[in-house]
1. Run the dipole for the chain about the Cα centre, Lys and Arg Cβ at +1, Asp and Glu Cβ at -1, nothing else charged, and hand back the magnitude in debye, nearest 20.
2. Can you list the lysines whose alpha carbon is less than 16 Å from that of Lys369, not counting same-chain residues fewer than 8 positions off?
3. Of Gln147, Ser373, Val254, which is farthest along the charge dipole of the chain in the positive direction, counting Lys and Arg as +1 and Asp and Glu as -1 at C-beta?
4. Treat the count of other C-beta atoms within 10 Å as a stand-in for reagent exposure and order Val117, Val254 from fewest to most.
5. Run lengths n ≥ 4 of DSSP H only: what is the helix-derived mean residue ellipticity at 222 nm for the chain, with -39500 (n - 2.57) per run over all residues, to the nearest 500?
6. Going by how many other Cβ atoms sit within 10 Å of their own, how do Leu182, Leu127, Leu150 line up, fewest first?
7. Can you tell me which lysines have their Cα less than 27 Å from the Cα of Lys388? Leave out same-chain residues fewer than eight positions away.
8. Kindly state, to the nearest 0.05, the FRET efficiency for Asp123 paired with Ala380, given R0 = 60 Å and r defined as their beta-carbon distance.
Amino acid sequence: MTDLFTADDDEPGRVATTAAPLAVRMRPRSLDEVVGQQHLLAAGSPLRRLVEGMSEDGGHAASGGSAVRRAGPTSVILWGPPGTGKTTLAHVISRATGAAFVELSAITAGVKDVRRVMEEARDTRDLYKRRTVLFLDEIHRFTKAQQDALLPGVENGWVVLVAATTENPSFSVVSPLLSRSLVLTLQPLSAEDVRTLLERAMEDERGFGGDVVADDEALDHLVRLAGGDARRALTALEAAAGASAVDAGGDLPVRIALDHAERALDVAAVRYDREGDQHYDVTSAFIKSMRGSDVDAALHYLARMLEAGEDPRFIARRIMIAASEEVGMADPMALQTAVAAAQAVQMIGMPEGRIILAQAVVHVATAPKSNASYKAIGAALEDVRAGKLGQVPTHLRDAHYPGATKLGHGKGYVYAHDEPHGVARQQYAPDEVVGRRYYEPTDRGYERDVSARLQRLRQILDS
């Protein structure tokens, strides 16, 4: 196995550039070799039935496509985070069934590429009675027109489509394709799963064949920083082995120590796609942490968004909304802090803007909470949408335009500043909602004072 650590010029201590990446070499050859995702791999599961049904005829398909339909669904959508085995499962399906395998990436492929694959798959079926498995990576990046181009091949059984996405298919895949698909959700690998993969890679002939061993603390470090991503774990192991080989000077087995693992991968991956499903998950957790007054959790999610390259203006907008929706009049200064933070970040930029955003998050998360304003506008909108509109009282109507006086507009209006306490006793609401109470302040923070004042105001207005 020295060729894995020695370049073509036989210089010791260098990782070979001719060998395939470890993650590729260790790709499972069958469903039984797949680590993790046991909820998809159990006996009788839809995925096993699909693979076993296709395997029965050795990848052959009837020209009418009926055999494809008997084998199971003609479209499979694999949804999950990076490194959970989406591409692996596509290769396993192809290898297990003996079908022709075609791989496209939605980043580079267009409608013409899809149509070409469909035509070739149809010819392969008609001429050679052989199925084609089309693996389409990142299908969420396809436009509606591009996804529609897949439908004829899927419907007619020309291809068995295996599509991968990191985004929720309900939002990123067109309905006609989604309704013809079996959606399989992949979960991040557990620490035990990742450790199993790393140990297998060190022992298996396709990997290092026993020529690499790792200290427990080094293995623990690689597992921890992989974050449930198999590809990241294997890539880190390969880099750590290369770093260790330099120190070993050509001696075998190469032993990976903690410092080798740290050199290979010293920063945890932030598995977060700004345009993907996890964007919404992290944002949701961020908002709910501020609402729940867990300042530490809120700062954690802020850090994740910043590290992932999230637009700081987006973060600032969410903080401003939370300041009003979750805090409101319990601490009116929270909104001012949030607005000031948004303006300051726009003027200063990053990375210093992270400090300003953190201050705003701390203010909102630690402030007394009230959603009274949020509930108030919600209740008012509900009445308006229910048709409780009514006419604006005549004395409140605009009296400045010609003819308004003849209509009685403004007649009887009482100017509030001329009244005791600056409060004028008169009807303000339309008849249909007179007496309706929308704003009900809490007894928390500054809103406690607002509640007492509001009670006095309503007593004056209702008298």
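1. For the chain, the charge dipole is close to 2640 debye.
2. Candidates past the 8-residue exclusion: Lys288.
3. About the Cα centre, the residue reaching furthest to the positive side is Ser373.
4. Values: Val117 22, Val254 28.
Ordered by Cβ neighbours within 10 Å, fewest first: Val117, Val254.
5. -14500 deg cm²/dmol
6. Listing Leu182, Leu127, Leu150 from fewest to most nearby Cβ atoms yields Leu127, Leu182, Leu150.
7. Once the sequence-local lysines are set aside, what remains near Lys388 is Lys375, Lys411.
8. Computed FRET efficiency for Asp123 and Ala380 comes out at 0.40.
No lab work stands behind these numbers, since they all come straight from the coordinates. Nothing here was measured: the structure is a model prediction, and the numbers come from that model. Counting neighbours? That spans all protein chains shown, and the Cβs are built from the backbone with ideal geometry, glycine included.
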